[in-house]
1. Which trypsin sites (Lys or Arg not before Pro) in the stretch 277-334 pass both tests, a DSSP loop state and at most 13 other beta-carbon atoms within 10 Å?
2. Would you order S218, S9, S187 from fewest to most other beta-carbon atoms within 10 Å of each residue's own beta-carbon?
3. Among I217, I121, rank each residue by its count of other Cβ atoms within 10 Å, from fewest to most, as a rough exposure measure.
4. What is the local net charge at S336, summed over the other residues whose Cβ is closer than 13 Å to its Cβ (Lys, Arg +1; Asp, Glu -1)?
5. As an exercise, identify the trypsin sites (Lys or Arg not before Pro) in the stretch 1-103 lying in DSSP coil whose Cβ has no more than 13 other Cβ atoms within 10 Å.
6. May I ask you to evaluate 6.51 cos²θ - 1.76 cosθ + 1.60, the Karplus curve with θ = phi - 60°, for each residue of the stretch 335-352 and list the ³J(HN,Hα) values in order in whole Hz, giving x for glycine and proline?
7. Quick check on the chain: of the DSSP beta bridges with both residues there, what percent are antiparallel, nearest 5%?
8. Quick one: check the C-alpha center-to-center distance for the stretch 99-134 versus the stretch 248-302, whole angstrom.
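Each value in this text was obtained by applying a stated rule to the coordinates, not by laboratory testing. These numbers come from a predicted model, not from an experiment. In this analysis, Cβ positions are derived from the backbone assuming ideal geometry, glycine residues included, and neighbour counts consider all displayed protein chains.
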Amino acid sequence: MPTVQPISSAVAVLKHRRALQNRLLNWFDSRTRDLPWLVDRTPYQVWVSEIMLQQTQMATVIEYYQRFILEFPSVQRLAVAPIAKVLKCWEGLGYYRRARQMHEAAQWIVATNGGRFPTQIDSLLTLPGIGKYTAAAILSISLEQRHPILEGNTIRLFSRLIGLQDDTSASTAQKQLWQFSESLLPSKRIGDFNQALMDFGREVCKPQNPVCDHCPISKYCSAFSLGLQNVIPFRAKRTQFVELREAIVVIRRRNSILLRQCTNTQRWAGLWDFPRFDLHRVAVRHYLQQAVQRSTGLTTRIENLNITIKHAVTRYRITLECFQAKTVSGRLHRGSQFQWKTRQELDELPLNASARKFADQLDTLR
Ligand code: SF4
């Protein structure tokens, strides 16, 4: 593999900075984008969109964003909302920690900053869930402040442009990429330029099969000139996924269903779930009857529903087998996390994604 000196490549690429800026902005202007958070571009709206866009596709975010802004049109309204309502609005987007941190940040802004959204990068960086990229994106897109950005799409684009043959998560590579991002910023239209970089990385300089043959900046691209566009960026070893098998049980009593609110230290903190158990036994029904009895205090008769739901949470790949149980006797343990909820309450409570998938099938089971 040819050796590339990325620092000298960065210097060489930056000699064409003006041409790169113009071509990227022209490409950006040639597309019609109808994104709701770009209509008013207030720091609050850009913040909501940026947090939602972490780990979620843009097409999915649009609908969630519109619903969220309708429900919580200002930082003040978000701050005073019950967390359950915020989580309900977030239901299905996943990574619920994002919603909890936004709620905390909104409360902090109202309590200590008079409800004014911070417009200094150092203040923004003290808020939960806001890192260097998010703070820079909010302030550059909403207020045209001069801050460089670096996230997945721009890491890939810059690494290819400067021919970076190093693990992009290494601190030296990160430092170099941040410097490159800063050096590339134009003097005007900072927000548009930062968005152009991200969109270009997502749509043209894609992870697989980048569209080099139609790329307006290919003549400045080190990876393309070396034929390394499908090799760069280099990454450290990918995440190893852990396979888990779990059981979920719907336990009914008259018109009620037994649910549990996950505590702050548990997966899906603040959301609701059906009774759920690790499944590593062969005598599944007998094991579940004992597990239900131990955790709830109820004696039940368990029946396999032959429904399997596959879902993923962070590095876990979970196969969820679904059961239903009839209560034979017993009372809930005193102070139990479990509560009886009506079918309507089940629809209104924020559930984790796999529990919601299961809940959606309940009416067909009776
Ligand atoms: Fe990306 Fe290819 Fe364009 Fe280089 S030439 S910036 S690798 S799309």
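1. Answer by residue number: R315, R331, R334.
2. The most exposed by this proxy come first: S187, S218, S9.
3. I121, I217
4. Numbers: positive: R260, R294, R331, R334; negative: none.
Surrounding charge for S336 is +4.
5. K15, R31, R33
6. So the Karplus estimates, Gly and Pro as x, are x, 5, 5, 7, 9, 7, 10, 6, 4, 5, 4, 4, 5, 8, 6, x, 10, 6 Hz.
7. The antiparallel fraction comes to roughly 65 percent.
8. 37
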